Amino acid sequence: MQVDTASGTEAVWWKRNLPFCGFRDYVFGRRVWCEGDAYYTVCKGAEHDERRRGANPRVLRVDPYLSAWLIRPVPGRDQCAASTSSEASTAVETVLVRVPLSLPPLSLPL
């Protein structure tokens, strides 16, 4: 959506369709940088004028959203290792609680 070339910070928007749960959107700021042979990424949920919360009532905003990544090479191998930490409230638990309540009653043969 937008990039600040001075700091390298990006404004990012994603829209995902989660199975059984519907559409979710993410609006966040992301910064990626390199120190030595390691890459770091930090993402934090944000508001942005181009993607206002509630513009589409069928899409839920994931808030809060926090994510951090560390990607570095594995010594002596042609591989890399990635470590991540994240927190996101997708409201999946609310939707999953509603699913069993909306199913028709079971009729079991006796």
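Listing for the model above:
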item	result
Sorted by Cβ neighbour density within 10 Å, fewest at the top, the residues D78, D25	D78, D25
A46 long-range amide H proximity, modeled H, under 5 Å	V27, F28, G29
Cβ-derived FRET efficiency at R0 22 Å, A81 paired with Y40, nearest 0.05	0.95
Ranking of F20, F28 by count of other Cβ atoms within 10 Å, fewest first	F20, F28
Phi-based couplings in Hz for the stretch 45-60 (Karplus 6.51, -1.76, 1.60; Gly and Pro marked x)	x, 8, 9, 8, 4, 6, 10, 6, 5, x, 4, 10, x, 7, 10, 9
Proxy reagent accessibility, fewest Cβ within 10 Å first, across L60, L70	L70, L60
Residue-wise HN-Hα coupling along the stretch 7-23, computed from phi with Karplus coefficients 6.51, -1.76, 1.60 (Hz; x: Gly, Pro)	9, x, 7, 10, 9, 10, 10, 10, 10, 10, 9, 7, x, 6, 10, x, 8
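No value in this document is a laboratory result; all are computed from the given coordinates. Remember, predicted model here, so these are calculated numbers, not experimental data. Note: ideal-geometry Cβ built from the backbone for every residue, glycine included; neighbour counts use all protein chains shown.
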